[in-house]
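The values are calculated or read from the model by the stated rules, or taken from the named source; none is laboratory data. Bear in mind the structure is a predicted one, so any value in this text is a computation, not a measurement. Reconstructed Cβ throughout: ideal geometry from the backbone, glycine too, with neighbour counts over all protein chains shown. Ligands, DNA and RNA are stripped out before the accessible areas are found, and what is left, the full protein with its side chains, is counted by its heavy atoms. Shrake-Rupley method; radii C 1.70, N 1.55, O 1.52, S 1.80 Å.
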Amino acid sequence: MAHPESDVVIRVRDLVVGFGRTTVLNHLDLDVKRGEILGFVGGSGSGKSVLLRTIIGLLPKREGKIEVFGVDLENANAKELQAVERRWGILFQHGALFSSLTVRQNVQFPMREYLDLSERLLEEVAVAKLEMVGLHADVCEKYPSELSGGMTKRVALARALALDPEIVFLDEPTSGLDPISAGESDHLIKTLQRTLGLTVFMVTHDLDSLHTVCDRIAVLAEGKIIAAGPMSVMLASEHPWLKAYFRGEIARISRN
Ligand SMILES: Nc1ncnc2c1ncn2[C@@H]1O[C@H](COP(=O)(O)OP(=O)(O)O)[C@@H](O)[C@H]1O
Ligand SMILES: [Mg+2]
């Protein structure tokens, strides 16, 4: 690699994460490259969400090192940490939105936390972000319970984009969506990556997403990345898990 600092935006080394006696991530290494859409797969309960939450600092690690934009998050001071946090956006797997806040308040939430903007500007930016994900401003006053599954994910994506991030973490963005909404979501993510130059870390079980939007795929099993590469590499692999997942019937069963 000629420019490792600029090419790799997330560098995870020797990461160990566990709960009590359970070890979920066991000396895991992973690189996410600038501008790519990385599809992150693995069986249910294998630790995909745990990895995502550990990278963003919501779960503690036992060992290892996590660097984002070349910053070692463990040794960063509060100011450095906040500067990094402002450069990423997150769409969580569950409870994507705050149910007691309107769509507008949800999208504005990260901006109120990190930026000092006037009410007028907050308003304009919220509408712009909603338009970016294909929603009209008239959804602003709705509450999450009034939205369809597809709209909820879009609003959550708008909120993830609120701070103009360079990296977005998406935890199963198409789960629970019908195939048409899932396809629209894939298209949207690809368009955003192209137009905004985003780096996307996407946990997904959706084989269509993996085929159509991901530049590279990383596979988590037994606490480690057992394979990483483009879909062609996954399809050519003789590894039993990869064969079953990408070419076999288990693919359908393991979706959730
Ligand atoms: N906060 C937590 N406390 C204890 N165990 C947890 C916690 N979060 C996740 N786990 C456990 O870690 C394992 C991996 O979970 P998770 O990362 O959510 O799986 P998935 O790959 O389906 O996203 C599971 O066994 C889960 O029960
Ligand atoms: Mg998960």
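Key figures for this structure:
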{"quantity": "Inter-site label distance for Ala128 and Leu58 at 7 Å from Cα along Cβ, in nm", "calculated": "2.7"}
{"quantity": "Cα long-axis angle, helix 103-114 against the chain (0 to 90 degrees, to the nearest 10)", "calculated": "80"}
{"quantity": "Dipole of segment 98-164, positive end: most advanced residue of Leu122, Met111, Val139 [Cβ charges, Cα centre]", "calculated": "Val139"}
{"quantity": "Principal semi-axes in Å for segment 98-164 [√(5λ), Cα gyration tensor, largest first]", "calculated": "18, 12, 11"}
{"quantity": "Cα-centre dipole for the chain with unit charges at Cβ (Lys and Arg positive, Asp and Glu negative), debye to 20", "calculated": "480"}
{"quantity": "Dipole magnitude of segment 98-164, debye to nearest 20 (Cβ charges: Lys/Arg +1, Asp/Glu -1, about Cα centre)", "calculated": "260"}
{"quantity": "Unsatisfied cross-links (Cα-Cα over 30 Å) in the set Lys61/Lys142; Lys33/Lys224; Lys33/Lys142; Lys65/Lys129; Lys79/Lys129", "calculated": "Lys61/Lys142; Lys33/Lys142; Lys65/Lys129"}
{"quantity": "The chain: angle of helix 119-132 to the longest principal axis, Cα-based, in degrees nearest 10", "calculated": "50"}
{"quantity": "Rounded FRET efficiency, nearest 0.05, which uses the C-beta distance separating Thr23 from Glu119 and R0 of 35 Å", "calculated": "0.15"}
{"quantity": "Percent accessible area from carbon and sulfur atoms, the chain, protein chains only, probe 1.4 Å", "calculated": "52"}
{"quantity": "Anisotropy class of the chain from Cα gyration tensor, a/c 1.5 cut", "calculated": "oblate"}
{"quantity": "Segment 1-68: C-alpha gyration tensor shape, a/c 1.5 cut-off, then a/b vs b/c", "calculated": "prolate"}
{"quantity": "Solvent-accessible ranking of His211, His205, His187, His239, largest area first, probe 1.4 Å", "calculated": "His187, His211, His239, His205"}
{"quantity": "For Phe69, solvent-accessible area (1.4 Å; no DNA, RNA or ligand), Å²", "calculated": "30"}
{"quantity": "Taking the chain and dividing mean pair separation by its residue count, relative contact order in percent (alpha carbons under 8 Å, at least six apart)", "calculated": "25"}
{"quantity": "Percentage relative contact order, segment 5-50, counting C-alpha pairs under 8 Å, at least six apart", "calculated": "35"}
{"quantity": "Sites Lys142 and Arg34 - FRET efficiency at Förster radius 25 Å, r taken between beta-carbons, to 0.05", "calculated": "0.10"}
{"quantity": "Listed peptides 174-186, 101-113 by packing density, highest first (mean Cβ within 10 Å)", "calculated": "101-113, 174-186"}
{"quantity": "Selection from Thr152, Leu207, His239, by position along the positive dipole direction of the chain (Cβ)", "calculated": "His239"}
{"quantity": "Nearest-10 value in Å² for the accessible area of Lys190, using the 1.4 Å probe", "calculated": "40"}
{"quantity": "Relative contact order computed over segment 55-203 (Cα-Cα under 8 Å; 6+ residues apart), in percent", "calculated": "28"}
{"quantity": "Segment 1-100 - accessible surface per residue (Å², probe 1.4 Å)", "calculated": "51"}
